[in-house]
Amino acid sequence: MASLPPISSGRWERLPGPIQHLADLGSASTDGEQLRLQRRVLNLTAALIAAITPIWTVTYLAYGLGWSAAIPLTYMVVTVMFIAWHARTGSYRAFRFGTLLMMLVFPFLLQWSLGGFANGSLVALWAVTAPLGAMFFASPRYAVPWFAGFAVLVAISVFVDPRFASSMPEVPETAREVFFGLNLLAVAATVFLLLQYFVRARELEQARSERLLLNVLPVPIAARLKRSGDVIADAYPNATVLFADLVGFTPLAESTTPEDLVSMLDDIFSGWDILADDHGLEKIKTIGDSYMAVGGVPEPRPDHAAAVAKMALGMSPVLAACSPAGVELRARVGIDTGPLVAGVIGRSKFTYDLWGDTVNTASRMESSGEPGRIHVTERVRAQLDGQFEFTQRGEVKIKGKGAMRTYFLERAV
C-alpha cells in the first residue's frame, strides 16, 4: 500500500493571526467541521461588509445626505454588536438570522433613502448576499425564503422607486457613477473572496475525509467504492496472509498505564505498518494486540509470499526497538498462502476483510506457533523453497485442520 503524504493546513486553513481569531469567534470544541467552517465564513462575511461601510457613510455625509449616511453607520454598529454577542454566547443560529436579515433589508433601506435604483446607484445589489449567504451558512433549502424575500423587496422597489425619486435630493452624477462602480465591485469582490475561502476550506475538509477513508480501505478499493457504491467482493486464487500476536501482552497491560499502553501499541503497529508499506503489502486490521496483513491483495502480484516472508522477518527487530526498558516483547507470527475472498462490509463504518481457508489456516499457524518464531504451512515453504531457509517442525495438530506438516521460517537465503 502506497504511503500517503501528510495533509498540510496550507494558507487557506490558517489565516493571519488577528483574522484567524476573528474567524474563530463563537466556535466551540463540540462543533463539527461543517459548523466550524460556517461560523468562520459568517464571521468573516459580517466583518468584511461592516469594515467597508464607512466608505458609504463618509461619502453620503460629504454630500449632505445625513439620513442615508446613518444607515450604513447603523449597519456597522449593529454588526459589531452581533459579532461580539456571538463570540460571548456562541449562538450560531441567532447570529446567522440577524446577520442575514440586515444583509437583506439595509441595502434596500439605503436605496429608498437615496431615491431609488438610479439615484442610489443600485446599492440594493448588496442584498443578494443574503440568499447566497443563507446557502453557505445553512443549506440550499434554507436559502429559498431568503431569495423570495429579496425578490419581494425588488418588486417593492420597482413600485415605490418613482415616488421616492421625485422627493429625494439629487445625488451628483459623478457620485452616482462612482457608487455604481463601488457597489458592483465591492459586492463582486465580497462574494468572490468568500467563495474562494469557502471552496478552499471545503477542499481541505474533503482531503481530510479522503485520508480517513484511505486509512480504512486500500486505495484501489476506496476508488471503486466512490465510483460505484456497489458490493465489493473479489476472489483471489493465490495470496498470502500473515497474522501476528504479542506474547504476554495481557499481563503487561495490567501493569501499564493506559497512556503508556496505547503509546506502545501505536509504536509497534506503526512500525509494522511501515514494514508493510515497504514491502508493498496491505494491512487489513488490528484486533487488540493482534495484527493482520496480506500480500497479493487487492492488487495481485507474483511474489506475494516472498514479500510477506520478508516483512515477517523484519517484525521482531521493530518489536525489540519498541519494547519498554526491561521488557522483552515477542510475537507469534503465522503465515499461509492460497485462495481467499476479499471485500468490503458495513454501511456506516466500512471494513475491508478477508475470508477463506487460507485466512483461517494463517490464524491457526499464529495461535499454534512459538514466541519469537514465524510458523508457516507447507504451502508457504513449497512456494518459497530456495529463497528462504526453513526448519521443519514436523506434524502438528491444528485446531479444525487435524495433523499438518509445518515449518519455521528462519532467514532469507
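The table for this structure:
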{"item": "Residues being modelled with pLDDT of 85 or more, small (G, A, S) and over 20 Å from the mean Cα position of the chain (by Cα) - total across region 1-43", "result": "1"}
{"item": "Flag if L101 is crowded, with 19+ Cβ neighbours inside 10 Å, in a helix (DSSP H, G or I) and of a type outside the set (S, T, Y)", "result": "no"}
{"item": "Whichever residue in region 116-133 is of a type in the set (G, A, S), free of Cβ contacts under 8 Å to residues at least 60 places away in the same chain and not in a loop (DSSP other than H, G, I, E, B) and, among such residues, is farthest from A155 (Cα to Cα)", "result": "A130"}
{"item": "Subset of region 157-174 [at pLDDT 70 or above and aliphatic (A, V, I, L, M)]", "result": "V158, V160"}
{"item": "For A362: the one exception among (1) out of contact with any Phe, Trp or Tyr (no Cβ under 6 Å at 6 or more places or on another chain); (2) within 23 Å of I268 (Cα to Cα); (3) in a helix (DSSP H, G or I)", "result": "(1)"}
{"item": "Filter result for S270 (assigned to a helix (DSSP H, G or I), in the same structural domain as A312 (by TED's automatic domain parsing), more than 20 Å from A309 (Cβ to Cβ) and at pLDDT 90 or above)", "result": "yes"}
{"item": "Scope region 56-96; condition under 14 Å from R39 (Cβ atoms) and either more than 33 Å from the chain's Cα centre (by Cα) or buried (at least 17 other Cβ atoms within 10 Å of the Cβ) (or both); matching residues", "result": "F82, I83, H86, Y92, F95, R96"}
{"item": "Pick from region 238-249, criterion more than 26 Å from A342 (Cβ to Cβ) and touching a Gly at 6+ places or on another chain (Cβ under 9 Å), ranking: modelled with the highest pLDDT", "result": "V247"}
{"item": "Residue match in region 109-126 (condition: modelled with pLDDT of 85 or more, of a type in the set (A, V, I, L, M, F, W, C), closer than 30 Å to R202 by Cβ and surrounded by 20 or more Cβ atoms within 10 Å (Cβ to Cβ))", "result": "yes"}
{"item": "I49 vs. criteria more than 19 Å from A94 (Cβ to Cβ), among the hydrophobic types (A, V, I, L, M, F, W, C), in a helix (DSSP H, G or I) and touching a residue at least 60 places away in the same chain (Cβ under 8 Å)", "result": "no"}
{"item": "Any hit, region 385-404, residues being in a helix (DSSP H, G or I) and not polar (S, T, N, Q)", "result": "no"}
{"item": "Condition met for E282 (in the same structural domain as R364 (by TED's automatic domain parsing), surrounded by 20 or more Cβ atoms within 10 Å (Cβ to Cβ) and modelled with pLDDT of 85 or more)", "result": "yes"}
{"item": "Selection count where residues are surrounded by 15 or more Cβ atoms within 10 Å (Cβ to Cβ), modelled with pLDDT under 95 and either part of a helix (DSSP H, G or I) or not assigned by TED's automatic domain parsing to the domain that holds A235 (or both), scope region 316-358", "result": "4"}
{"item": "Answer residue from region 365-380, given it is surrounded by fewer than 23 Cβ atoms within 10 Å (Cβ to Cβ) and free of Cβ contacts under 8 Å to residues at least 40 places away in the same chain and is nearest to S316 (Cα to Cα) among those", "result": "E370"}
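Here's the yes/no breakdown for (1) at pLDDT 75 or above; (2) of a type in the set (A, V, I, L, M, F, W, C); (3) in a helix (DSSP H, G or I):
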residue	(1), (2), (3)
F180	yes, yes, yes
V191	yes, yes, yes
F198	no, yes, yes
E210	no, no, yes
K226	no, no, yes
Y236	yes, no, no
L261	yes, yes, yes
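The values are calculated or read from the model by the stated rules, or taken from the named source; none is laboratory data. Everything quoted here is computed from the prediction, not taken from an experiment. With ideal geometry, Cβ positions are generated from the backbone for all residues, glycine too; neighbour counts draw on all protein chains shown.
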